[in-house]
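What follows is a short report on a single structure.
The values are calculated or read from the model by the stated rules, or taken from the named source; none is laboratory data. All figures in this text were calculated on a predicted structure; none of them were measured in a lab. Neighbour counts are summed over all protein chains in view; Cβ atoms, including those assigned to glycine, are modelled from backbone coordinates with ideal geometry. Accessible surface is based on the protein model in full, side chains and every heavy atom, while ligands, DNA and RNA are left aside. Shrake-Rupley method; radii C 1.70, N 1.55, O 1.52, S 1.80 Å.
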Amino acid sequence: MIYPIIAYGDPILKKRAKPVEKDDSFDLKQLVSDMFDTMYQANGVGLAAPQIGLSIRVFVVDAEQMEEKSIKGFKKTFINPTILDESGDEWTYEEGCLSIPQVRAEVNRKSTVKIRYYDENWKEFTETYDGIAARIIQHEYDHLEGILFIDRISMFKRKLIQGKLNDILKGTVKHDYKMKFHSK
Ligand code: NI
């Protein structure tokens with residue numbers, strides 16, 4: 001099932017997501033499969049559950065379509081993740097987000113992230129990532145904390161993109177995948 005992607009302006013994107021209960025009656029594997037399908041049809045490299053309207057701590061990533069060869073095969077599901085440590089020098093990278101179409105901005109983040117999480121089979125992992133993989137994880141993890149990449153840019157840069165953000169709020173932004181706008 002392909003979900004519509006929740007657009008910037010919906011309060012669910014600003015909310016801290018709740019952990020998934022292991023004995024939840026809903027089908028976690030089906031949800032994960034639907035999240036990958038939804039992400040692929042939108043040509044995304046990461047998707048967090050709040051972006052499909054579910055305020056739970058789940059995100060998926062697949063960097064296969066990115067140009068950086070170093071992360072080929074980086075495809076993972078993160079259930080109830082906790083970032084344990086962020087380290088290394090800050091570096092800047094231009095980010096985008098399926099919930100904020102037509103907007104890209106350079107964001108500073110630390111280079112290395114240590115994260116503990118479960119996969120869809122409730123197997124626990126603690127792993128360290130750097131470079132683009134860390135960047136994707138940090139961006140998606142932010143979604144679970146109710147933070148968007150545009151919250152991490154300067155007021156000056158934010159002013160430059162405000163017109164585009166207003167178009168998203170109004171639901172008039174151009175988008176080539178199914179979206180759900182708060183104003184509609
Ligand atoms: Ni995003």
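Results, tabulated for the structure shown:
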quantity: Per residue solvent-accessible surface (Å²) - region 1-122, probe of 1.4 Å; calculated: 49
quantity: Sparse-neighbourhood loop sites, chymotrypsin sites (Phe, Trp or Tyr not before Pro) in region 99-184 - DSSP loop, at most 12 other Cβ within 10 angstrom; calculated: Trp122
quantity: Derived scalar couplings ³J(HN,Hα) [region 139-154; Karplus, 6.51 cos²θ - 1.76 cosθ + 1.60; whole Hz; x for Gly, Pro]; calculated: 5, 5, 4, 3, 4, 6, 9, x, 10, 10, 4, 6, 6, 9, 10, 5
quantity: Percentage relative contact order, region 52-154, counting C-alpha pairs under 8 Å, at least six apart; calculated: 25
quantity: Accessible carbon and sulfur surface of region 25-158 relative to its total accessible area, %, 1.4 Å; calculated: 45
quantity: Summed side-chain charge close to Leu169 - residues other than Leu169 whose Cβ falls under 11 Å, Lys, Arg +1, Asp, Glu -1; calculated: +1
quantity: Helix-only mean residue ellipticity at 222 nm for the chain, each DSSP H run of n ≥ 4 adding -39500 (n - 2.57), per residue, nearest 500; calculated: -8000 deg cm²/dmol
quantity: Amide H contacts under 5 Å for Lys180, placed H, 5+ residues apart; calculated: Ile5, Ile6, Ala7
quantity: Distant-in-sequence amide H partners of Ile56 (H built 1.01 Å from N, under 5 Å); calculated: Lys18
quantity: Given Lys29/Lys75; Lys159/Lys180; Lys110/Lys164, the pairs whose alpha carbons are separated by over 19 Å; calculated: Lys159/Lys180; Lys110/Lys164
quantity: Computed FRET value (nearest 0.05) for Thr172 with Met1, which takes r as the C-beta separation and R₀ as 35 Å; calculated: 0.85
